[in-house]
Structure formats: structure tokens, C-alpha cells
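Here the structure comes first, spelled out in C-alpha cells, and everything after it is commentary.
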Ligand code: SF4
């Protein structure tokens, strides 16, 4: 819920999420049906939408209880279902015929014929495969009914396999990527060993840190939104379901501004790249949009996300007349530190002048995760603002 609210606060027009079942992020903090109803009400009050993903791989047993589940999501106020499986689509159409259906990127729609097929089945939107070029997207746009909306991912983690076709995690860990439980073994470091010499490893790369031969860079299209609009994309999707609310806030805000600039004909603001970096990432790629990136799409020297800033707190109440602000701690910081305040309107610097508990007990540092504290600072803040500290 915190990430969903951050997405809405920081500029998203819609948020996609999953319930406790059938989504593609089994380990994400998915929504209960009650939370979905609250999320839908909150988003609708701000003229935004909630899309619920039902895009895992469905086996026969998974259909037990699906009808009741779809019905409860419909009652909660979802604005669309994101589906992959045709059987799930048929169930949604039967149980909630009034709710639009979006075809998940997991369905791998890579041509106009497939897109038309889904439209004829009743889909209002197709979330295109991430392996398409902009020229191919323009071709799909030109050869599909204009009522069919086309959506594409613009930012976030990429896979080394076609979306929805990766077996790596299932094979190596027993956790199925397509069942929503990916252990991300594509990010691990690999070496070659020879049969009979189990303790000897042959490095694959010349870099002393080893090599991450399967590790894709993250997608980042923030500089190229005009090209995506021109190709016919009407909805830009930011991947964020396993990310922190802080990441969601940073990236959403940057894309909101880049999109508003692109639509108004203003040039791209290069400062937004720095804002994206502050959220933390692997290296970036433009994916397949300008052709197959081949080795340029991989980060073979590091598997980890790198961050230049740490998320240290989220504001819970407006700054009082006395200058103190209630916040929830998310990372350690101390009196005397300089922080940045990320808000939907901009980024401001502040100095931490004092810290205390809500009862008034003075503190020098804020070391305990999730503790509610008050900070005395040079700036004014409002609920939902994020505090971050340079590493
Ligand atoms: S192992 Fe990597 S490539 Fe495969 S599904 Fe998981 S994240 Fe994607």
C-alpha cells in the first residue's frame, strides 16, 4: 500500500498490483481484498486507476476458487484485470464482464496478428512483449484497431529470456519465475568447472570480479518517451512491485516530469537521469526498442543494484509550527546530517538540527527501522515526502 500511495502521489495515472494470489510477484507485499478496495477508492478519488494482475501460470488446481476471487476483486473496484492465460480471460469475462481486460506482457504479444486476436477475444489493451523494437510497435499500431490500447514497459528489470519463458529459476532453485517466485539466478555469478575437478573453477571473464553472463541491464527509456509516443504507445509501465516505496517515488516522479515535457514539446531535462540514479539500479539499456542490444544489454561485471543515496525516512505528518516533523525511520541518520527531501513538487536539501521521540525524548541518531520519530530541520515537509541521505 505504501508503494501504491507513493506511485499515486508522485505522478502515476494508474497502478498495477496483485492480490495475495495469482500475481507474478509471489514475494511482494501483495494486497488483500480489503486493501484493494481501499486502494481503488484512493486512486479513484484522484482520478487514477487500479489494475490487478492475474498473470501467473495457471494449472488445473489454480482455477479452484478463481471465480470467487475475480468476483471479490471486481467488487473491490478494480479498473482492469491483467491476464495471460486464455482460460483466466474467459473466467474474467464471465464473472466480471464489465471490467476491461489487459493482456499481460507474459503473453508475449510480438505481432499485430496476435494483438488483433486478443482484441477479438475482448481485450481492451495489450501490454506488448519487451522484445519489440519501436519500428515493430509502430507496425502493430498501424495494423490493429485504434480502440485497442498498446502499453509497454519503459523502466525496470529485464529478463535474459523472453518474458514468461524463463525456466532458469525453476530449474536451479525450484522457484518458478513464471509462477511468481523467481529467485533471480540470472543475477548470480557463474564460473565453469570441469567434471572430475569439482573444486577448480575456470573464470569466464578477464575481470577480477568474475562475470555475470546472464545479467541483463535494467531498462530505462526516460530520454526517449517521445519515440514511444510516436510509435503508438499510450501507457508507459514502470516495473516496481518488488521495489521500495522510495524507488517507486523517485522513478515515477522522474518519468512524470519527462512525460509532461515530451507531451508539451519541451526538451528532455538531463537532471532527471541523476534522479533515476538516486533510486538505485543496475546499468541501463534501451532494451530492444532500437534493435537487439546483444552484449550491450548485459552487465557482465556486477550483479548487484548500486545506490548513491539511502532511503532513511518517510514523513507521516506535516511540519508543525514548532518546526518538528513526524516521520517513520527507514535508514540510519543522525543530528548534523544533511538530507534531501523528495516530494512530488521537487527535491530540497535540509539539515537535521534535532531528533526526538513523539514523547519528547531527545535522540542523537535514528538507528531503529520503522521507529516513529520527530525531526527538527531547516525545511518544511508534508506526509508522503521521502528523506534520503547521500552514501
Ligand atoms: S531468472 Fe532472471 S531472466 Fe529468468 S525470470 Fe528470473 S529475473 Fe527473469
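Assign one of three labels to segment 250-308, namely rounded, prolate or oblate, based on the Cα gyration tensor with a ≥ b ≥ c the square roots of its eigenvalues; rounded applies when a/c is under 1.5, prolate when it is not and a/b is larger than b/c, and oblate otherwise. Don't jump to the answer; show the numbers that get you there.
Numbers: a/c = 3.21, a/b = 1.42, b/c = 2.27.
The shape class here is oblate.
Of all DSSP-defined beta bridges confined to segment 222-366, some 95% are antiparallel rather than parallel. Between residue 371 and residue 45, the FRET efficiency estimated from the beta carbon spacing at R0 = 30 angstrom works out to 0.50. Springs join every pair of Cα atoms under 10 Å in this Gaussian network model of the chain, and among 193, 45, 343 the largest mean-square fluctuation is at 193.
Test of understanding: what is the full-extension gain from residue 202 to residue 63, defined as 0.36 nm times their sequence separation minus their Cα-Cα distance? Let's see the in-between values first.
Working: separation 139, 0.36 × 139 = 50.04 nm, distance 4.66 nm.
Extending this stretch completely gives an extra 45.4 nm.
Which percent of the Cα-Cα distances in segment 13-63 go past 12 Å? Can you show the working numbers first?
Values: 803 of 1275 pairs.
When all Cα pairs of segment 13-63 are counted, 63 percent exceed 12 Å.
Report, for the chain, the % of DSSP beta bridges that are antiparallel, rounded to 5. Of those bridges, close to 60 percent are antiparallel. Between residue 317 and residue 226, the FRET efficiency estimated from the beta carbon spacing at R0 = 30 angstrom works out to 0.15. The modelled label-to-label distance for the pair residue 270/residue 382, using points 7 Å beyond Cα in the direction of Cβ, is 3.2 nm. In plain terms, the chain from residue 334 to residue 71 could stretch by 89.8 nm, reckoned as 0.36 nm per residue minus the Cα-Cα distance. Shape class of segment 309-390 from the Cα gyration tensor (axes a ≥ b ≥ c, square roots of the eigenvalues): rounded, since a/c falls below 1.5.
The slack in the chain from residue 349 to residue 1, taken as 0.36 nm per residue of separation less the alpha-carbon distance, amounts to 122.6 nm. GNM on the chain, alpha-carbon springs under 10 angstrom: the most fluctuating residue among 115, 135, 53 is 135. Measuring nothing but alpha carbons in the chain and taking Rh as the Kirkwood radius, the Rg to Rh ratio lands at 0.99. From the Kirkwood radius over Cα pairs of segment 1-136, Stokes-Einstein at 25 °C and 0.890 mPa s returns a whole-number translational diffusion coefficient of 160 µm²/s.
Since every read-out is calculated from the coordinates, none of them should be taken as a lab result. What you are looking at is a predicted structure, and each value in this text was computed from that prediction instead of being measured. Note: ideal-geometry Cβ built from the backbone for every residue, glycine included; neighbour counts use all protein chains shown.
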